[in-house]
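Data block below; observations after.
The values are calculated or read from the model by the stated rules, or taken from the named source; none is laboratory data. Bear in mind that the values here come from a model prediction, so they are computed numbers and not experimental data. Cβ atoms come from the backbone with ideal geometry, glycine included; neighbour counts cover every protein chain shown. Side chains are part of the model used for accessible areas, which takes the heavy atoms of the whole protein and leaves out ligands, DNA and RNA. Shrake-Rupley method; radii C 1.70, N 1.55, O 1.52, S 1.80 Å.
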Amino acid sequence: MSSEPEKAPPAPEAGVPAATVSNKQRKRDARKAEKAAKYAQAHAQQKPAAEDPSPEHEKQKQQQPAAAEDDPSAANYGDVLPGEILPAAVPDGPWAEIGHLDTAAAGRSVLVRATAQAVYRGSKTKNVAFLKLRQGMSTVQCVLAGSAQMALFALSLPKESIVVVEGAVALLDEPLSYTTVQEVEIKVRKLYCISRADPKLPISVEDAGRSSAEFAKAEAKGVPLPRVGQDTRLDYRVIDVRTPTGQAIFRIQHQVENKFREHLSSKDFIGIHTPKLISGSSEGGAAVFKLEYKNGKSACLAQSPQLHKQMAICGGFRRVFEVGPVFRAEDSNTHRHLCEFVGLDAEMEIMRHYFEVCDIVDGLFVEIFRHLNENCKRELEAINRQYPFEPLKYLESTLRLSYEEGIQMLKEAGTEIEPMGDLNTEAEKKLGQLVREKYDTEFFILYRYPLAARPFYTMPCYENPAYSNSFDVFLRGEEIISGAQRIHEPELLAKRAAEHGIGKSSIKSYVDSFRYGAPPHGGFGVGLERVVMLFCGLSNVRLASLFPRDPQRLSP
């Protein structure tokens with residue numbers, strides 16, 4: 001790093017003929033000059049606050065930049081005026097992305113808007129300040145060495161303030177270890193604060209992003225660090241997600257959703273959108289949010305798009321998918337349950353066997369896993385630094401076990417299961433462990449569940465009605481996907497609904513849609529947040545939900 005700040009580019013040569021400047025350019029220059037004059041006048045007219053005689057005030061006063069008349073560079077830094085997006089003194093030019101800065105950018109002038117993550121004095125001279133800027137997951141060091149007053153202004157900025165920097169990219173003599181951009185820095189010529197953060201934030205990004213290893217190391221030295229608990233983290237979520245881990249989790253979530261859409265579209269599925277206000281329960285049971293509708297009617301929030309995606313198949317679409325909110329009024333205060341989550345749902349015609357749905361699930365998730373491992377290395381590394389996890393083990397052709405085979409494995413391991421019942425959490429984890437030990441995979445399909453453990457619209461097995469044409473998919477010992485062939489015969493469907501306590505009137509249009517000709521079909525549904533949680537080895541699904549809703553939380 002050079003000790004001398006980068007010089008500003010030279011002004012245009014004098015004596016340029018007026019004819020070479022267009023009327024449009026002259027008007028633009030005039031507007032800029034007028035804005036700059038108003039900006040300087042407004043700052044000059046600002047009245048100082050009443051003097052505070054306290055020692056703290058004197059210390060702050062010493063750190064404040066000098067008045068404009070004492071500082072020839074005063075126009076190159078400061079707070080923007082109320083309602084202003086950008087000072088007129090900022091030159092036109094493309095905005096640079098911090099993550100794109102590298103050695104090829106050396107010597108180039110750049111314009112950056114970012115968050116001030118940290119600011120500190122130079123160790124050799126008080127007239128130098130360093131500013132660490134952050135955009136998303138990328139950080140870069142900036143140096144302010146041309147003006148002592150500008151350096152003081154930088155030092156007065158609260159952490160997490162939004163700033164605009166104009167300067168030149170310069171090569172470093174040695175790579176930095178505390179920024180993601182390690183081989184270059186920005187030598188600042190202009191610095192403006194767009195939005196000042198509160199000086200005292202409820203939590204800090206640094207504390208929210210610490211790993212268990214950092215806490216252990218600090219405690220071993222006798223200087224324990226502040227810990228941010230889960231409730232506090234979620235209360236101040238807009239700060240919490242600024243950490244590298246927070247940014248990485250939701251970038252991975254985006255990739256999962258995007259690959260879900262992309263893969264199914266390549267298999268001739270089309271995206272649909274179904275209503276979330278419905279007249280009755282879509283899944284049966286009591287876990288439904290009820291509300292008053294218009295004209296004295298009652299309604300429910302959809303527990304899934306199940307009924308309407310089947311009706312779409314009856315409408316001739318053949319293969320459909322949806323990404324949308326799902327509501328479950330569950331009182332489950334566990335690490336994996338939410339009252340609202342993002343559902344990834346698909347439905348398709350079946351030509352011969354419901355394993356055709358399993359084939360789609362197999363190809364889809366193997367592609368998602370491969371894509372994340374190959375294209376999200378940076379994000380996975382960021383998560384791993386704070387929440388260490390082992391890479392997911394999966395097979396290129398997903399393992400399929402029957403329900404009976406899974407139950408037998410559990411019995412042989414000494415785990416008793418309720419006859420013809422669903423697997424509880426402990427059984428799921430135990431089966432996941434056994435499958436990993438025997439087949440070296442953490443992703444598998446368990447099919448042919450007992451009919452009593454499935455929703456009313458699940459097709460019974462032809463050869464044994466006690467079982468069903470259904471399946472669940474497990475990831476790291478937890479169920480993430482439920483799927484099945486659906487009943488397409490209206491009389492059987494109405495009978496099964498009645499057995500589950502679902503009134504005929506609330507699903508009449510659904511049942512009637514199968515009276516007009518309906519092909520055999522099946523599908524599946526999966527929670528986006530749960531996929532991200534388990535793939536990344538996170539301990540709680542709330543970490544993978546931007547603003548989680550559970551039985552205790554309705555804000556922010």
Rounded if a/c is under 1.5, else prolate if a/b is larger than b/c, else oblate: which is the chain, with a ≥ b ≥ c the root eigenvalues of its Cα gyration tensor? prolate
Setting aside same-chain residues fewer than 8 positions from LYS438, which aspartates and glutamates have a Cα under 14 Å from its Cα? GLU405, GLU412
The range 74-193, accessible area per residue, ligands and nucleic acids excluded (1.4 Å, Å²): 42 Å²
Listed residue pairs exceeding 28 Å between alpha carbons, taken from LYS309/LYS429; LYS187/LYS377; LYS276/LYS504; LYS309/LYS430: LYS309/LYS429; LYS187/LYS377; LYS309/LYS430
With the dipole of the range 90-222 worked out from charges on the C-beta (+1 for Lys and Arg, -1 for Asp and Glu) around the Cα centre, which of ALA105, SER156, SER195 lies farthest toward the positive end? SER156
Can you tell me the order of 322-334, 411-423 when each peptide is scored by its average per-residue count of other Cβ atoms within 10 angstrom, highest first? 322-334, 411-423
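Calculate, in nm to one decimal, what LYS276 and ASN373 gain on full extension: separation in residues at 0.36 nm each, minus their alpha carbon distance.
31.5 nm
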As I understand it, the value is the acute angle between the Cα axis of helix 23-45 and the longest principal axis of the Cα atoms of the chain; what does it come to in degrees, rounded to 10? 80 degrees
Roughly how big is the range 248-541's charge dipole about its Cα centre, with Cβ charges of +1 (Lys, Arg) and -1 (Asp, Glu), in debye to the nearest 20? 800 debye
From the Cα trace of the range 248-541, what convex hull volume per residue do you get, rounded to a whole Å³? 138 Å³
Which aspartates and glutamates have a Cα less than 17 Å from the Cα of LYS495, not counting those fewer than 8 places away in the same chain? GLU283, ASP512
What 222 nm value per residue comes from the helices of the chain, counting each DSSP H run with n ≥ 4 as -39,500 (n - 2.57) and dividing by all residues, nearest 500 deg cm²/dmol? -9500 deg cm²/dmol
Per residue, how much accessible area does the range 382-447 show when a 1.4 Å probe rolls over the protein heavy atoms, in square angstrom? 54 Å²
How far, in degrees from 0 to 90, does helix 355-375 lean away from the longest principal axis of the Cα atoms of the chain, to the nearest 10? 20 degrees
Using +1 at the Cβ of each Lys and Arg and -1 at the Cβ of each Asp and Glu in the chain, identify which of TYR510, THR139, VAL366 lies farthest towards the dipole's positive end. THR139
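Counting only C-alpha contacts under 8 Å and six or more residues apart, can you give the relative contact order of the chain as a whole percent? Show your work: numbers first, answer last.
Working: 974 pairs, mean separation 64.3, N = 556.
Rounded, it is 12 percent for the chain.
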Given 25 °C and 0.890 mPa s, compute D for the range 74-193 with the Stokes-Einstein relation, Rh being the Kirkwood radius over Cα pairs; round to the nearest whole µm²/s. 172 µm²/s
Note, the range 204-210: 3J(HN,Hα) by Karplus (6.51, -1.76, 1.60, θ = phi - 60°), whole Hz, Gly/Pro = x, goes 9, 4, 4, 5, 5, x, 6
Degrees, to the nearest 10: 403-412 long Cα axis against longest axis of the chain: 80 degrees
Among 376-383, 89-96, 532-539, how do they line up by average Cβ neighbours within 10 Å per residue, starting with the highest? 532-539, 376-383, 89-96
Please state the relative contact order of the range 217-300 as a whole percent: Cα pairs under 8 Å, 6+ residues apart? 14 percent
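Is there a quick way to get the dipole size of the chain? I mean about its Cα centre, with the Cβ of Lys and Arg at +1 and of Asp and Glu at -1; what is the value in debye to the nearest 20?
I would put it at about 1500 debye.
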Of every hundred units of 1.4 Å-probe accessible area on the chain, the number belonging to carbon and sulfur atoms, as a percent, is 52 percent
Partner aspartates and glutamates for LYS290 [C-alpha distance under 13 Å; skip if fewer than 8 residues away on the same chain]: GLU330
Could you tell me which of rounded, prolate or oblate describes the range 164-235, using a ≥ b ≥ c as the square roots of the eigenvalues of the alpha-carbon gyration tensor, with rounded for a/c under 1.5 and, failing that, prolate when a/b is larger than b/c and oblate otherwise? oblate
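So, by mean Cβ neighbours within 10 angstrom, what's the order for 541-547, 255-261, 468-474 with the highest one leading?
Per-residue mean Cβ counts within 10 Å order the peptides as 468-474, 541-547, 255-261.
Run the numbers on the range 152-196 and let me know its relative contact order in percent, using alpha-carbon pairs under 8 Å that are six or more apart.
Contact order relative to length: 50 percent.
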